[in-house]
Amino acid sequence: MAVETTQFKRCDVVKMAGRIDSSTASDLKKAMDAILDEGRYKVVFDMSEVEFLSSSGVWVLLETQKKCKRWNRGDLVIASANENIQRTLDLAGLKHFMRMYDDITSAVASF
Amino acid sequence: MPTVRVPGRYSSLDAICEFVRESARAAGLGEQQVYEVDLATNEGASNIIDHAYGGEGEGVVECTCEIGPDGLTIILRDWGEPFDPAAVDEPDFNVPLEELSLRGAGLRIIRNCMDEVNYSPNAKGGNQLRMRKNT
């Protein structure tokens, strides 16, 4: 599953399309880890084209957020998650720890 | 009753979920309900691979869909390690981020998405997960 990463001055934007479940979550993890390994911890996850999110995908976001927020060095924020995805994040207990934005512009501007 | 049997691999999830979505629509469920059924099945099948079989490539996953006048019943079967849902605690969300664990999240999602959820031993060994979504 193709994951695009775009580096901006103040943050990185990760975009993935389609379904995120156990079969594709590892692709997302690789993309997130690549950014963190470079010492960059301010990340926007653009979910505008994500149709489906299971707990496997939530796990990747949780692990990424833990690393981003460690020592207050950064944050993982979510842009354009639809209601079903927000509900899944809420059921898994992660929504509480994520800033959610309706669009990518607002999300990037938050950094 | 229509049944699919797939290898216990993450790459099989698309086939099971597509089968369930088609069955859900045939049962007259709306698109929101179709999503919920899709998600519950994905979680249930992933749990089979991860926990009943301890990983990919160790067994098969069987999915049966019963379309009735009032909704859809989905039965997931495996032949792996017995599972006791009572042994899985409800997740504790009242913790700092560093301590948040997703153990039990799949089960919580399944119970939230479906109207009835029932685990029982599979007659031939393993487990049976029976889930129902009403129209």
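The values are calculated or read from the model by the stated rules, or taken from the named source; none is laboratory data. All figures in this text were calculated on a predicted structure; none of them were measured in a lab. Cβ sites come from the backbone with ideal geometry, for glycine too, and all protein chains shown count toward neighbours.
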Report summary line: Of those in segment A:78-95 that are over 19 Å from B:Phe93 (Cα atoms) and surrounded by fewer than 22 Cβ atoms within 10 Å (Cβ to Cβ), the residue nearest to the chain's Cα centre (by Cα) is A:Ser80
Report task. Inspect all residues belonging to segment B:2-11 and state whether any of them is in a helix (DSSP H, G or I) and either surrounded by fewer than 17 Cβ atoms within 10 Å (Cβ to Cβ) or not small (Gly, Ala, Ser) (or both). Result -> yes
Requested in this report: For B:Arg111, state whether it is touching a strand residue (DSSP E or B) at 6+ places or on another chain (Cβ under 9 Å) and more than 11 Å from chain A (Cβ to nearest Cβ).
Outcome: no
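Matching residues to (1) within 10 Å of chain A (Cβ to nearest Cβ); (2) modelled with pLDDT of 95 or more:
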| residue | (1), (2) |
| --- | --- |
| B:Val6 | no, yes |
| B:Glu36 | yes, yes |
| B:Arg77 | no, yes |
| B:Leu102 | yes, no |
Requested in this report: Among the residues of segment B:79-100, count how many are more than 10 Å from chain A (Cβ to nearest Cβ), surrounded by 13 or more Cβ atoms within 10 Å (Cβ to Cβ) and among the aliphatic types (A, V, I, L, M).
Outcome: 1
Report summary line: When segment A:69-82 is checked residue by residue, the ones that are more than 10 Å from every other protein chain (Cβ to nearest Cβ) and either outside any helix (DSSP H, G or I) or under 14 Å from A:Val13 (Cβ atoms) (or both) are A:Arg73, A:Gly74, A:Asp75, A:Leu76, A:Val77, A:Ile78, A:Ala79, A:Ser80, A:Ala81
Query raised in the report: Are there any pairs, at least 6 apart or on different chains, whose C-beta atoms fall under 7 Å, with the first in segment B:1-28 and closer than 16 Å to A:Gly18 by Cα and the second among the hydrophobic types (A, V, I, L, M, F, W, C) and surrounded by fewer than 17 Cβ atoms within 10 Å (Cβ to Cβ), and if so, which?
Result: B:Ala15/B:Val4
Query raised in the report: In segment A:12-59, what count of residues is obtained for those that are more than 10 Å from chain B (Cβ to nearest Cβ), crowded, with 23+ Cβ neighbours inside 10 Å and in a loop (DSSP other than H, G, I, E, B)?
Result: 1
